[in-house]
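Take a look at the structure below.
The values are calculated or read from the model by the stated rules, or taken from the named source; none is laboratory data. It should be emphasised that the depicted structure is a prediction, and the values quoted were computed from it without experimental measurement. Because the Cβ atoms are built from the backbone with ideal geometry, glycine has one as well, and the counts that use them run over all protein chains shown.
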Amino acid sequence: MAGSDLNVAFTSTTGGTQTLFAGPMRLKAFIITPTASAGTVVFKDGGVSKFTVPTAASVSSGPVTINLPSDGVRFGTSLQVTLTDVGGITAFFA
């Protein structure tokens with residue numbers, strides 16, 4: 001998908017594992033909305049954990065935005081996230 005100008009955003013507030021995109025793609029950025037409890041967002045490629053982002057217990061600081069390098073992070077099978085004590089996530093991918 002190199003050179004693609006397709007940019008899609010997906011927002012999820014549902015706990016448990018959710019498929020954000022069913023197919024190969026590159027994660028470009030994401031925004032995590034924390035809650036009053038510390039939580040985690042686990043990014044998975046086809047059900048296999050790729051990396052985990054811990055969140056601090058905070059609702060007053062607002063959402064946390066993470067921009068990734070220009071090539072993003074490649075997911076070969078599908079992009080899934082597992083939210084635990086997180087208010088929601090918006091993922092941007094191409």
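A few remarks follow.
- Taken together, the residues in segment 68-94 that are modelled with pLDDT of 90 or more and in a loop (DSSP other than H, G, I, E, B) amount to 4.
- In the set (1) within 20 Å of T17 (Cα to Cα); (2) not in a loop (DSSP other than H, G, I, E, B), T65 fails one condition alone, (1).
- Residue count, segment 43-83 (criterion: in contact (Cβ under 8 Å) with a residue 40 or more places away in the chain and surrounded by 16 or more Cβ atoms within 10 Å (Cβ to Cβ)): 9
- Among the residues listed as T77, T52, T82, T65, the single one being touching a Pro at 6+ places or on another chain (Cβ under 8 Å) and among the hydroxyl-bearing types (S, T, Y): T77
- Pick from segment 22-42, criterion in a loop (DSSP other than H, G, I, E, B), aliphatic (A, V, I, L, M) and in contact (Cβ under 8 Å) with a residue 40 or more places away in the chain, ranking: farthest from T77 (Cα to Cα): A38
- Within segment 41-67, the residues that satisfy the criterion of being touching a strand residue (DSSP E or B) at 6+ places or on another chain (Cβ under 6 Å) and modelled with pLDDT of 90 or more are V41, V42, F43, K44, D45, S49, K50, F51, T52, V53, P54.
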